[in-house]
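Here is the structure we will look at, set down as structure tokens.
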Amino acid sequence: MAQLATLIVGHGSQDPEGTQEFLQLVELFQQHDPAQIVECGFLEFAQPTIQQGLDRCVERGARSIVVLPGVLMAAGHAKNDIPSEVQAARRRHPGIVIHQGRHFHLHPKILQLCTMKIEAAENQAAPLERKDTLLLVVGRGSSDPDANSDVQKLARLLWEGMGFGWAAACYIGITTPRLPEALACCQRMGFARVLVFPFFLFTGRLEKRIRKQTAEFAAEHPESEFLVADYLDAHPLLTQVLLDRTQEALHGNAHMNCELCQYRVQLPGFEAAVGKPQYAHHQPAQATVPQRSLLRMIRKLVSR
């Protein structure tokens with residue numbers, strides 16, 4: 001079998017702490033198979049570039065490379081920039097097979113990690129029932145509504161699964177609602193606590209801006225409690241997502257909404273549903289001929 005390599009692509013940060021945390025995740029991934037070639041590349045703000053990372057894979061003997069976008073949402077970077085880099089690399093290395101994987105997205109392990117970060121923030125504060133807490137999920141913000149909608153979806157999944165009194169989503173840049181506006185709206189709703197969750201992989205200027213703006217708003221409104229949970233960080237659960245995305249890139253995946261199916265994976269708050277027997281809702285479609293005739297008669301009577 002041809003020597004396989006993995007290139008993990010990071011966004012890159014102007015904050016050295018964020019870059020270092022990304023490199024820690026690359027190291028965690030390498031530990032799963034020390035013999036495998038693992039390299040990284042950045043879209044901007046840091047070195048090496050994606051092309052330099054791919055070149056390094058080839059120099060180390062790789063004949064097949066899996067490119068994994070180390071980004072949470074599928075916005076312009078995952079949909080345009082990284083595929084463009086992959087195409088350029090294929091032209092430069094015609095003898096190398098390059099597979100492109102998916103971004104992290106709302107993988108079950110991502111949901112599990114989000115839950116852990118939120119619970120850790122709660123555990124550091126005074127006890128309070130979740131029905132008295134409003135969860136505010138803060139995304140990066142994008143010009144792509146598809147990516148923005150996933151932040152809204154995450155807020156809903158955590159709201160229902162963890163039993164918060166309310167949940168909302170906002171963004172730190174590019175799109176609306178922005179964090180200051182969302183904090184004001186949430187505070188007016190009257191919940192005893194607002195728990196702000198930065199949906200970010202690593203720290204950086206934007207993640208630190210979330211903490212700063214929340215602290216400033218909390219100082220102006222001492223009658224309410226504001227907590228800020230940690231971002232995801234370089235965690236072993238993220239390496240599990242990368243391993244799953246590697247297998248998808250190499251062997252393909254089913255194009256169905258099964259990744260977050262409550263009957264297949266343990267979603268927060270719905271763990272007992274895994275493996276539960278399923279029954280079709282449209283039983284009349286399976287009725288016998290006499291039964292179907294009776295149903296048609298009933299429909300005619302109802303429609304009159």
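Can you return the lysines within cross-link range of Lys153? Criterion is Cα-Cα under 16 Å, with same-chain partners fewer than 8 residues away left out.
List returned: Lys109.
List the trypsin sites (Lys or Arg not before Pro) within the stretch 202-238 that DSSP assigns to loop and that have no more than 16 neighbouring Cβ atoms inside 10 Å.
Values: sites: Arg205, Lys208, Arg209, Arg211, Lys212; in loops: none.
Of the trypsin sites (Lys or Arg not before Pro), not one in the loops of the stretch 202-238 has a Cβ with at most 16 other Cβ atoms within 10 Å.
For the chain, what is the calculated [θ] at 222 nm in deg cm²/dmol (nearest 500), taking -39500 (n - 2.57) for each run of four or more DSSP H residues and dividing by its residue count?
-13500 deg cm²/dmol
Quick one: which residues, 5+ away or cross-chain, put their amide H under 5 Å from the amide H of Ile98? H built at 1.01 Å from N.
Ile65
What residues have an amide H closer than 5 Å to that of Val71, excluding those fewer than 5 places away on the same chain, when H is modeled at 1.01 Å from N in the peptide plane?
Distant-sequence amide H within range of Val71: Phe104.
Can you tell me, using C-alpha contacts under 8 Å and at least 6 residues apart, the relative contact order of the stretch 108-228 as a whole percent? Walk me through the numbers on the way to the answer.
Numbers: 176 pairs, mean separation 33.9, N = 121.
28 percent.
Once phi is turned into θ = phi - 60°, what whole-Hz ³J(HN,Hα) does the Karplus curve with 6.51, -1.76 and 1.60 give for every residue of the stretch 147-161, x standing for Gly and Pro?
Each residue's phi maps through the Karplus curve to give 5, 5, 5, 5, 5, 4, 5, 4, 4, 5, 4, 6, 4, 5, x Hz.
Within the stretch 170-224, list the GluC sites (Glu not before Pro) lying in a DSSP loop whose Cβ has at most 13 other Cβ atoms in a 10 Å radius.
Numbers: sites: Glu181, Glu207, Glu216, Glu220, Glu223; in loops: Glu223.
Here the sparse-neighbourhood loop sites are Glu223.
With θ set to phi - 60°, apply the Karplus curve 6.51 cos²θ - 1.76 cosθ + 1.60 along the stretch 53-68 and write out the HN-Hα couplings as whole Hz, x wherever there is a Gly or Pro.
Residue by residue, the stretch 53-68 yields x, 5, 4, 5, 4, 5, 4, 8, x, 5, 10, 9, 10, 9, 9, 10 Hz.
What are the aspartates and glutamates whose alpha-carbon lies under 13 Å from the alpha-carbon of Lys117, with same-chain residues fewer than 8 places away excluded?
Within the straight-line cut-off, Lys117 pairs with Asp230, Asp233.
Which whole-Hz ³J(HN,Hα) couplings does the stretch 242-252 yield from phi under the Karplus relation 6.51 cos²θ - 1.76 cosθ + 1.60, θ = phi - 60°, glycine and proline marked x?
Values, residue by residue: 4, 5, 5, 5, 5, 5, 4, 5, 7, 10, x Hz.
Taking Rh as the Kirkwood radius, which is the inverse of the mean 1/r over Cα pairs, what is the Rg/Rh value for the chain? Present the calculation step by step, with values, prior to reporting the outcome.
On the way: Rg = 23.2 Å, Rh = 21.6 Å.
Rounded to two decimals, Rg/Rh equals 1.07.
Which cross-chain or sequence-distant (5 or more) residues have an amide H under 5 Å from the amide H of Leu227, H modelled 1.01 Å from N in plane?
Close amide H contacts, sequence-distant or interchain: Val194, Leu195, Val196.
Since every read-out is calculated from the coordinates, none of them should be taken as a lab result. None of the values given here were measured: they were computed from a predicted structure. Cβ sites come from the backbone with ideal geometry, for glycine too, and all protein chains shown count toward neighbours.
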